[in-house]
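Colleague: The structure's right below; bear with me while I get my questions together.
The values are calculated or read from the model by the stated rules, or taken from the named source; none is laboratory data. This is a predicted model, so every value here is computed, not measured. Cβ placement follows ideal geometry from the backbone for every residue including glycine, while neighbour counts extend to all protein chains displayed.
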Amino acid sequence: EDEILRQTALSYSSYIRADAGEEILSLEKSLEEMLTRVDEFVGMLDMIRNDTSQIVNISLPQIYKKSEDMRQIYRKIDKLEAFVKMVAANVSVMEDRVIEAEGEARSLPGAFKKIFRTMNVSGLLNDRKSVVVFYAYTYLYDYQNTMCGIWALFGSDGCLSVQCTCAMKIAHRGPDAFRFENVNSFTNCCFGFHRLAIVDQLYGMQPLRIKRFPYLWLCYNGEIYNHQRLKKHFEFEFQTKMDGEIILHLYDHFGIEKMASLLDGVFAFVLLDTANRKVLLGRDTYGVRPLFRMLTEDGFLAVCSEAKGLTQITHSMSNPVKITPFLPGHFEVFDLKQNGKVESIQMDRFHRCTEEPKHAAYDNVENLGMGFALETVKDNIRILFENAVRKRLMAHRRIGCLLSGGLDSSLVAATLVKLAKEEQLQYPIQTFSIGAEDSPDIIAARKVAAHIGTEHHEVSFTPEEGIRALEEVIIHLECYDITTVRASVGMYLISKYIREKTDSVVIFSGEGSDELTQGYIYFHKAPSAKAGAEESVRLLDELYLFDVLRADRTTAAHGLELRVPFLDHRFTAYYLSLPEDLRTPKHGVEKHLLREAFKGLNLIPDEILWRRKEAFSDGLTSMKKSWYTSLQEHIESK
């Protein structure tokens, strides 16, 4: 058996090759190729590692920096876009005025349009195919006044050109023009101004400076109704036609306290006196014109018509700084240091609503009866209210009136129409109402408009439209008060309509009457006449936080100027001087004395004269479902 195996092995061995070198060479070659591939792979890994390191350490930081640079550019583009839109609006407004002027002068036809055609403002100069009616606005008073936005910095340690962009947040208050100006010798102090021209449309830019007082700089928002009377009485020589020039003369002649107390009007001002190194702020009695201020511990002062113009101002102080509304009826004096910083040295109240204003000595309200006999009081109320409306007719822009169909707005609208006829205005007064088709306000306003003969506009309101506008309304209000927000939506939407669909710019309204004349339902429950009178004064003192705030922001958001005759100083001072029991609700009717004063005159329909109080926000929606309910459902669904 072993022999067989040996023989078989010998037989197979003859077939085995003794030399295996060829296979070994092939194997070595394969191994070398594999090692080469491994070296290449390792080299590639090293290259990837190096590239990754370069990307992480060099390229990514560069990309991040470029992205930050682009963000800055995008912000500038956004601001530039807003600026271009403002310029476009100004060009459009200018063209309208030129067309109007050409129509009046009948000269240089088309000359200005040819000039505009050379500019790259295509789309702004489209020929009008529809017939446009231009009214010749009567110049009742030869002076210039403005509704506007004011802004100022004192002692800024940031770049002023960057800080000024914050002021563009209030550009809606003055869509006609804007201007920024540094203060001589104080490079870190600056004034900003956005203008809505109400009277003279060519001049009136601010800060206001005149040759007689080169050391005074003034930015103000408002109207001074008695400037002509004061000018004549004190024999001041004006160098401009601006009503605000009276502030400079009175301040130089009397100082800040008497100056402020002599002003009959609505105003907020910033006055710089470089000769005496003083900065002065002031605001009217009821805060009809807004003013906010921000003061840091190191003396940096920022002032603006709205808080939003101050929110992004930069300063080196790390501690948060409060932005506060400036108190109505007050003035404040600051010392101005050489480095532009300030220090508050005086804050005083120059007028209270219960006091007869000092400027009353120079007013021309004639034939006021003496004593408190009912008929005498009623006559005086009518005289003073009519005078309050008359003095507010100062405008070269078209006048309109908000009309809810309630007592207050109806009295304002009717008196406005009456005086417009007496002053021979060459255009019909426009009235504006908002609400659902079957809302109480729309129905009542329609009756009033037909009675007094206005060009009446009705704006449709739905809860869905109101809810869509909520965010914008809150932004403009700078307020989260539930009642204020709810009541502001309708006023915001109707102001938007007025700006977009009509040429009315000066808008009358009935704010202030409820507080003054005890118009709220809860006044029926006052424990005494004295308690009711005290509550009335409290409401007037706080009006700037609620109704006046609402009325100003919702109209100014669309470049309109609001006028509120019920808050006239003479009228309110007289009404509050009447015996307390005479001013209380009677026979279950609030505002009884005010209604009695206009009874039997047919100024407004009797059913409106005696219409019960209804909140503006409740009266504009359908009888089937209130605006309050719609809002409540919307909030609960979130």
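Colleague: Could you tell me which of the residues Ile475, Ile442, Ile467 is in contact (Cβ under 8 Å) with a residue 40 or more places away in the chain and within 21 Å of Lys501 (Cα to Cα)? Working first, answer last.
Modeller: Values: Ile475 fails: within 21 Å of Lys501 (Cα to Cα); Ile467 fails: within 21 Å of Lys501 (Cα to Cα).
Result: Ile442 is the single residue among Ile475, Ile442, Ile467 that is in contact (Cβ under 8 Å) with a residue 40 or more places away in the chain and within 21 Å of Lys501 (Cα to Cα).
Colleague: Check whether at least one residue in the stretch 88-103 is assigned to a helix (DSSP H, G or I), modelled with pLDDT of 70 or more and surrounded by 10 or more Cβ atoms within 10 Å (Cβ to Cβ), and report yes or no. Break it down into steps so the answer makes sense when it comes.
Modeller: First, the residues of the stretch 88-103 that are assigned to a helix (DSSP H, G or I): 88-103.
Filter once more, so that each one left must be modelled with pLDDT of 70 or more: none.
Checked against the condition, which is being assigned to a helix (DSSP H, G or I), modelled with pLDDT of 70 or more and surrounded by 10 or more Cβ atoms within 10 Å (Cβ to Cβ), the stretch 88-103 yields no hits at all.
Conditions (1) buried (at least 24 other Cβ atoms within 10 Å of the Cβ); (2) in a helix (DSSP H, G or I); (3) over 27 Å from the mean Cα position of the chain (by Cα), marked per residue:
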residue: Glu515; (1), (2), (3): yes, yes, no
residue: Ala531; (1), (2), (3): no, yes, yes
residue: Arg538; (1), (2), (3): no, yes, no
residue: Val548; (1), (2), (3): yes, yes, no
residue: Thr554; (1), (2), (3): yes, yes, no
residue: Leu603; (1), (2), (3): no, no, yes
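Colleague: Name the residues in the stretch 231-251 that are in contact (Cβ under 8 Å) with a residue 40 or more places away in the chain and surrounded by fewer than 19 Cβ atoms within 10 Å (Cβ to Cβ), would you? Reasoning before the result, please.
Modeller: At the first step, the residues of the stretch 231-251 found to be in contact (Cβ under 8 Å) with a residue 40 or more places away in the chain are 233, 240-244, 248.
Residues satisfying the conditions are His233, Thr240, Lys241.
Colleague: Let me ask something additional. For the stretch 481-511, name all the residues that are in contact (Cβ under 8 Å) with a residue 60 or more places away in the chain and more than 27 Å from His396 (Cβ to Cβ).
Modeller: Within the stretch 481-511, Asp481, Thr483, Thr484, Arg486, Ala487, Ser488, Val489, Gly490 qualify.
Table: residues versus (1) over 30 Å from Lys530 (Cα atoms); (2) free of Cβ contacts under 8 Å to residues at least 12 places away in the same chain.
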residue	(1), (2)
Thr555	yes, no
Pro579	no, no
Val589	no, no
Leu593	no, no
Pro605	yes, no
Lys613	no, no
Ser637	yes, yes
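Colleague: Only one of Leu262, Leu272, Leu291 is among the hydrophobic types (A, V, I, L, M, F, W, C), within 20 Å of Leu549 (Cβ to Cβ) and not assigned by TED's automatic domain parsing to the domain that holds Arg563; which? Steps first, please.
Modeller: Numbers: Leu262 fails: within 20 Å of Leu549 (Cβ to Cβ); Leu272 fails: within 20 Å of Leu549 (Cβ to Cβ).
Only one candidate passes the filter, namely Leu291.
Colleague: Okay, next question. Hey, among Lys378, Lys391, which residue is in the same structural domain as Pro579 (by TED's automatic domain parsing) and within 30 Å of Pro440 (Cα to Cα)?
Modeller: Values: Lys391 fails: within 30 Å of Pro440 (Cα to Cα).
When all the criteria are applied, what remains is Lys378.
Colleague: Identify, please: which residue in the stretch 226-255 is among the aliphatic types (A, V, I, L, M) and within 27 Å of the chain's Cα centre (by Cα) and is, among those, modelled with the lowest pLDDT?
Modeller: Looking only at the stretch 226-255, we keep the residues that are among the aliphatic types (A, V, I, L, M), and these are 230, 242, 246-248, 250.
If we keep only those that are within 27 Å of the chain's Cα centre (by Cα) too, we end up with 242, 246-248.
Numbers: Met242: 90, Ile246: 97, Ile247: 98, Leu248: 98.
By that ranking, first place goes to Met242.
Colleague: To continue, here is another question. Scan the stretch 339-362 and tell me whether some residue there is in contact (Cβ under 8 Å) with a residue 40 or more places away in the chain, farther than 27 Å from Tyr286 by Cα, part of a loop (DSSP other than H, G, I, E, B) and over 30 Å from the mean Cα position of the chain (by Cα).
Modeller: Checked the stretch 339-362: at least one residue is in contact (Cβ under 8 Å) with a residue 40 or more places away in the chain, farther than 27 Å from Tyr286 by Cα, part of a loop (DSSP other than H, G, I, E, B) and over 30 Å from the mean Cα position of the chain (by Cα).
Colleague: Return the residues of the stretch 565-601 that are β-branched (Val, Ile, Thr) and either surrounded by 21 or more Cβ atoms within 10 Å (Cβ to Cβ) or assigned to a loop (DSSP other than H, G, I, E, B) (or both); say none if nothing qualifies. Spell out how you get there, then give the answer.
Modeller: Residues of the stretch 565-601 that are β-branched (Val, Ile, Thr), as a first pass: 572, 584, 589.
Hits for the stretch 565-601 are Thr572, Thr584.
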